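See below for the structure under consideration.
The values are calculated or read from the model by the stated rules, or taken from the named source; none is laboratory data. What you see is a predicted model, and the numbers here were worked out from it, not measured in a lab. So basically every Cβ, Gly included, is an ideal-geometry build from the backbone, and we count neighbours across all protein chains shown.
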Ligand code: ADP
């Protein structure tokens, strides 16, 4: 803002004028109504004091000035008033003042009442919101007009002119200062409000950018939080898994120790039999007793050999030495071999077990591709168990082809397996704790080896059994026919 003129740069000045107009419009309307009223009220004094001038004065008041004041009042409601209002007010002010001047100079010297109206009019320029420059200009114009007309009408009665000038000039000064400071304070107020507005919008901007930053931070914190939650839950899962793995390892370790302890016991039993009865050989009293001792030694030897074979198999599996080897062979020949092998089995002969088997495919269609050695071991283990754990009755093994599988069944009428034991018999190291293997002198490795072999050739096994009634072992392997070797 300029220090002397108090005007702003072009754009702000425009804004100020707009603002000044909007704030002034109501005051302008009231002030013009009041002025018109006062101008009219002074007509009463005209009636009392103007004498022969009354008609002329009433013309000035009611045909010129009051209509002009009211017209200005009405124009203030117009759309374009804002573009010329200061100029119109200046014009109205000069005309209103000039009307009073004309009346003052014509009145007789003792009638001063119009001088009062002049003073009111000069002071009123602040009230009507005329800018200080225009109001001062209007007042000066009227004083000059007064002086010119007074000199003409008063015939050089300088005293009266000076007396009036004294009052009028004082009024000009007062109104000029007043209007000047009113405008300055208006402008300062406007400037302050403008700066406040600017600061406000700056603060709002800062606020919104802060809000944005806070929002961003909050969302990144939220994401991090979610990640942390995820991490924690992952860790918890890992912890649980580790705990489970630890427990499993500890359990496996215990089982392994129990297995080793049991194995050494299992080995000692037949070894004791062999050494004990070998020492007794020369003490045999007759041929029959000697045969008995030799039989025990041979049985114990076979048992020991079987046990060592199973342990060897298991350690080979654990070392990963055993690999699947696909052979092309006749399944019916294999089942016949097994039958031939077991028909001569000691258990079968001694217990007079009815051994039978049944093939599910014709001889010429029974050529398949799989690991013959493993399949044979599986069948041998299962048929051997069936014969071992059957005291009376029969053992039957058979196979049939279902969809793309071969299903083998080994059924016996033996001692059966309790429900709890059915859960354990395929677990490595588990069977060692079972009771009947003591009776049958077995180490409980056969079924776990069987299950592993089956897994190797892509099969699985299950058992149906009832204590005292017998057992049925059923296993499946994926079928792969060897068409080339099939005899058509
Ligand atoms: P082993 O026969 O050498 O003890 P296995 O692993 O072959 O070891 O068998 C585990 C256990 O399952 C046996 O000790 C026995 O208690 C039970 N079992 C297996 N086959 C039969 C069967 N056909 N009838 C009754 N019990 C069986």
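Numerical summary
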read-out	value
Filter result for residue 303 (within 30 Å of residue 315 (Cα to Cα) and either touching a helix residue (DSSP H, G or I) at 6+ places or on another chain (Cβ under 6 Å) or modelled with pLDDT of 95 or more (or both))	yes
Odd one out for residue 285 among (1) loosely packed, with under 10 Cβ neighbours inside 10 Å; (2) in a helix (DSSP H, G or I)	(2)
Condition broken by residue 111, with the remaining ones in (1) surrounded by fewer than 15 Cβ atoms within 10 Å (Cβ to Cβ); (2) modelled with pLDDT under 80; (3) in a loop (DSSP other than H, G, I, E, B) satisfied	(1)
Pair list, Cβ < 9 Å and 6+ apart or interchain, from the stretch 405-426 residues that are free of Cβ contacts under 8 Å to residues at least 12 places away in the same chain to residues that are surrounded by 18 or more Cβ atoms within 10 Å (Cβ to Cβ) and in a helix (DSSP H, G or I)	424/431
Residue among 375, 307 that is more than 16 Å from the ligand (Cβ to nearest atom) and not in a strand (DSSP E or B)	375
Members of the stretch 349-372 that are touching a strand residue (DSSP E or B) at 6+ places or on another chain (Cβ under 6 Å) and within 16 Å of the ligand (Cβ to nearest atom)	353, 354, 355, 356, 357
Selection within the stretch 468-488 - more than 9 Å from the ligand (Cβ to nearest atom) and modelled with pLDDT of 80 or more	468, 469, 474, 475, 476, 477, 478, 479
Criterion: more than 24 Å from residue 176 (Cα to Cα) and modelled with pLDDT under 90 - qualifying residue of 123, 50	50
Some residue of the stretch 238-259 being under 26 Å from residue 346 (Cβ atoms), in contact (Cβ under 8 Å) with a residue 12 or more places away in the chain and touching a helix residue (DSSP H, G or I) at 6+ places or on another chain (Cβ under 8 Å)	no
Residue that is modelled with the lowest pLDDT [pool: residues in the stretch 416-432 that are more than 9 Å from the ligand (Cβ to nearest atom) and surrounded by fewer than 19 Cβ atoms within 10 Å (Cβ to Cβ)]	427
Only one of 340, 291 that is within 24 Å of residue 364 (Cα to Cα) and away from the ligand (no atom under 16 Å from the Cβ)	340
Only listed residue being at pLDDT below 90 and more than 11 Å from the ligand (Cβ to nearest atom), chosen from 394, 435, 442, 404	404
